[in-house]
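See structure below.
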There are 2 protein chains.
Amino acid sequence: MATPNTRDQIIIAADQLIYQQGFDHTSFTHIAEAVNISRGNFYYHFKSKDEILTAVINLRRSNTHQMLKQWEQEHTDPLQRLSCFIQILRMNQDKILRYGCPVGTLSTELLKLDHRASDDATMIFILFRTWLRRQFIALGLRSEADKHAMYLLAQSQGIATMANAFNDSDYLDTQVTQLLGWLDDLIQTTEDI
Amino acid sequence: MATPNTRDQIIIAADQLIYQQGFDHTSFTHIAEAVNISRGNFYYHFKSKDEILTAVINLRRSNTHQMLKQWEQEHTDPLQRLSCFIQILRMNQDKILRYGCPVGTLSTELLKLDHRASDDATMIFILFRTWLRRQFIALGLRSEADKHAMYLLAQSQGIATMANAFNDSDYLDTQVTQLLGWLDDLIQTTEDI
DNA sequence: GTCTATACCTGGATAGAC
DNA sequence: GTCTATCCAGGTATAGAC
């Protein structure tokens, strides 16, 4: 993998720092240290801090889109795709225990700050919601697809917030297993009909 | 009700502003404007911004404790007490749509900031968790009491985060109704045994 | 107790040399 | 493209008059 150019390095570092410290608290100094450039150099690549935020959100949207696409390519069974979604909680458990869910925490912060970009941040939620809905529809649950999609999103947010607050990896693990069980039950019921 | 003294006024204003804007973003200037005092006057009452945060968290802990005590006094039936908990989502829906859950969002922010007071913030979660557990035990569900307590906390966090992100009061309302239904089912099942 | 004045620092942002 | 130097606003915190 080639070394990314400075602009991309800035975005990647900002992405991580915003996740770890929050947007408001993340300063040019922080990012500059991570990328090893001077503070003044930012303004060649971005006009303002908000522009960096926009770039970070776009990166996250692109990464999310990419991830969802990959899940669709790797699994033809919607059940397995949904299980991929549930298991990101487990896969990212270390980060979630420390910093919570990157989607939820940024969305919440930007709404509190009354920031212009808060709608863009919500778009990542919408990306997941739409994708999840599609999988439930593929399972033949069209009329309840959006309800189930919102259910999975809310569960993930709830589990991430509690695992974060209580710093409890066992809890997170148990809840993931339980969610996978819920998915299984849903299908059992469907197939019985 | 007598006018609170300056110190209490500061704490009350800081409480609201921290909820609405986040701790990091809330400055002395913001609080000073809300209370109508000068910035310099803070340091007669508090040694630092962190000391104000501690006072705010203590206020919240005290208010939470008070609220839980009141629910116990108003209702002898644990079922009704639990229903009070669920319905705070509905009662505070306007604030939740704008600023999310005050308990969860502060806890998440302080953990991201790696702030000393983050354990104190988690204490509010523990207050709820312990109280909820007691109600489930009173319902005769001792072995699953903590599981149910965590379930209700996680549901509340998930619902609050999603309602906040999507600014959707209908969603919040529906989910509250559904949680109350879950509570009802839980008891039906118990009484059947 | 509350004020004004101010110190000091860090934030975002700009100008211009290289 | 990247740097240094610098500006200005805003942050926390202090000193001292009233």
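Residues in the stretch B:139-174 that are under 21 Å from residue A:168 (Cα atoms) and of a type in the set (Lys, Arg): 1 in all. Residues being within 16 Å of DNA strand D (Cβ to nearest atom) and in contact (Cβ under 8 Å) with a residue 24 or more places away in the chain are entirely absent from the stretch A:72-86.
A search for C-beta distances below 7 Å between a residue of the stretch A:118-144 that is more than 19 Å from residue A:86 (Cα to Cα) and any residue that is of a type in the set (D, E, K, R), counting only pairs 6+ apart in sequence or on different chains, returns A:123/A:61. Criterion first (in a helix (DSSP H, G or I), away from DNA strand D (no atom under 16 Å from the Cβ), surrounded by fewer than 16 Cβ atoms within 10 Å (Cβ to Cβ) and charged (D, E, K, R)) does residue A:94 satisfy it? Taking the combined requirement at face value, the residue satisfies it. So is residue A:85 assigned to a helix (DSSP H, G or I), surrounded by fewer than 21 Cβ atoms within 10 Å (Cβ to Cβ) and modelled with pLDDT of 95 or more or not? When the stated conditions are applied, residue A:85 does not pass them.
Within the span defined as the stretch A:97-107, one or more residues are modelled with pLDDT of 95 or more and outside any helix (DSSP H, G or I). Residue-level analysis places residue B:151 among those that are part of a helix (DSSP H, G or I) and more than 26 Å from residue A:120 (Cα to Cα).
Is it the case, given these coordinates, that residue B:16 is touching a residue at least 40 places away in the same chain (Cβ under 8 Å) and within 22 Å of the chain's Cα centre (by Cα)? Judged against the criteria, residue B:16 is not a match.
Cβ-Cβ contacts under 9 Å between residues 6 or more apart (or on different chains), taken from a first residue in the stretch A:166-189 that is in contact (Cβ under 8 Å) with a residue 12 or more places away in the chain to a second residue that is acidic (Asp, Glu) and part of a helix (DSSP H, G or I), are listed as A:169/A:94. All of (1) in contact with a Leu (Cβ under 9 Å, 6 or more places away or on another chain); (2) away from chain B (no Cβ under 11 Å); (3) acidic (Asp, Glu) hold for residue A:168 with one exception: (2). Please determine, by comparing only the residues of the stretch A:90-111 that are of a type in the set (A, V, I, L, M) and out of contact with any Asp or Glu (no Cβ under 9 Å at 6 or more places or on another chain), which one is nearest to the other protein chains (Cβ to nearest Cβ). Applying the filter and picking the extreme gives A:111. Checked against the criterion of being within 14 Å of the chain's Cα centre (by Cα) and more than 30 Å from residue A:19 (Cα to Cα), the candidates B:132, B:106, B:82 yield just one match: B:132. Suppose the filter is away from DNA strand D (no atom under 16 Å from the Cβ) and either closer than 29 Å to residue A:140 by Cβ or within 14 Å of chain B (Cβ to nearest Cβ) (or both); does residue A:17 pass it? So residue A:17 passes the test. The residue list B:126, B:137, B:159 contains one member that is surrounded by fewer than 20 Cβ atoms within 10 Å (Cβ to Cβ) and within 9 Å of chain A (Cβ to nearest Cβ), which is B:126.
The values are calculated or read from the model by the stated rules, or taken from the named source; none is laboratory data. On a predicted model such as this, the values are computed, not experimentally measured, just so you know. Reconstructed Cβ throughout: ideal geometry from the backbone, glycine too, with neighbour counts over all protein chains shown.
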